[in-house]
Amino acid sequence: MMNRSSLSWLRVWSMGVLATILISAIAPAAHAQSTVGTITQLTGAANIQRAGATIAAAPNMPVMLHDRISTEPNGSLTIGLVDNSSLQLGSASTLVIDESVMVNGVGAPSKVGLLQGDLHSLIVGAMKGSSTTFEVNTPNAIGAVRGTDFQMHTDNNGRQGYPDCFQFTDLSVDNGVVQFCNKATPPECKDIKGGEHSTIACGGFAGAGAGAGGLGAVGATALGVGLAAGAGVGIAAGAGAFGGSSNPPSSPKR
């Protein structure tokens, strides 16, 4: 017959075995939920900051929730998502994966932060819905998606006609609708549709009331910032991209 000491030891041992089994069962599920995509294309150099470490990006590398992804001036990459959706990050750009959701049992980004540079978002399949299912935040703007295909650019370089403003976000929509908002209190929002483009300069819309999407002449010049080539990101911006011209866009005047 086992004494009380032996029973206590057996109880502790049993609890330890049970805890090990539970951890082993939960760990793969937690890992799966934190994975939100895969690097499917990479040009040049890029790196990922993850859990305090910096690692070089590589094709087929998983992208995780809270990753901070940065491309070098010669780099660009594509993150493949569920149902053929994708995020294409241009050169000298930084993207943070802020929040995620489960889509058909697979992790996918629901909110990202574009800290600088260019992002081309293609949202299709199960990630596309009648409500806002995906959101891009820049330092001075928010793009909430109810559509499919759009590009955003943000920089703090300053532009002609804005002597006191050094934060700009440009949006151009190829397909669907994007709700474009500034970060005022309360925010001002506009629905930008396919074929339209708009710019938020510091806290307000550039050239408000001057054409589709509220983009005036200064905003149209600002949108001349070209997205980086490579990884499918080389998309013509500026007035020519929406006026049927095949000429390459010129750089914005500083």
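Nothing in this text is a laboratory measurement; each read-out follows from the coordinates by a stated rule. Here the structure is a predicted model, which is why all the values come from computation and not from measurement. Note: ideal-geometry Cβ built from the backbone for every residue, glycine included; neighbour counts use all protein chains shown.
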Inter-part gap, Cα centre of the range 171-199 to Cα centre of the range 61-105, in whole angstrom, is 21
Output ordering of 70-76, 112-118, 52-58 (per-residue mean of other Cβ within 10 Å, highest first) is 112-118, 70-76, 52-58
Tally Lys/Arg at +1 and Asp/Glu at -1 over every other residue whose Cβ is under 9 Å from the Cβ of Leu65; what's the total? -3
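Where does the charge balance sit around Val124 when Lys and Arg score +1, Asp and Glu -1, over other residues with C-beta under 15 Å from its C-beta?
-1
Provide the FRET efficiency to the nearest 0.05 for the His66-Ala45 pair, computing r from the beta carbons and using R0 = 22 Å.
Result of the calculation: an efficiency of 0.55.
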